[in-house]
Amino acid sequence: MKKGLVLLLACVGITFAQMPWGVNPPLVRDKGTAIKVAEVILFPLYGKETIEKERPYNVTLRNGYWHVSGSMPEGTEVHGGTFFITISERDGRSGR
């Protein structure tokens, strides 16, 4: 009986030691998701049409943050530039 209990506890201990406690996969895992998060935030602020005119978007991942910005079509005169937003890879929050 004692040997069985010790064996059971050893197996449970090994199982728990191999589990990644406290390690969560990032919520925003790829460029497509980063773009969707950015659009959800930016469309109500600046208007869907305004933001979509700045496609294709420039998207990079640096130090756990997605940087999403618009691009200006060639030959377009725009005053003020394009949008820029930073999104946490871990939880999808905007800004730092």
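Just so you know, all these numbers are worked out from the coordinates, no wet-lab data involved. Just so we're clear, the structure is a prediction, and the values are computed from it rather than from any experiment. With ideal geometry, Cβ positions are generated from the backbone for all residues, glycine too; neighbour counts draw on all protein chains shown.
Once the chain from S94 to E49 is taken as fully extended at 0.36 nm per residue, the excess over their C-alpha distance is 14.1 nm. Within the straight-line cut-off of under 18 Å between alpha carbons, the aspartates and glutamates reachable from K31 are E39, E52, E54, E89, D91, sequence neighbours fewer than 8 places apart in one chain being disregarded.
Rounded to two decimals, the Cα radius of gyration of the stretch 25-96 over 2.2 N^0.38 Å is 1.10.
What FRET efficiency comes out for E77 versus E39 if R0 is 25 angstrom and r is the Cβ-Cβ distance? Round to the nearest 0.05. If you can, show how the numbers build up before the last one.
On the way: r = 24 Å, r/R0 = 0.98.
Efficiency computed from Cβ-Cβ geometry: 0.55.
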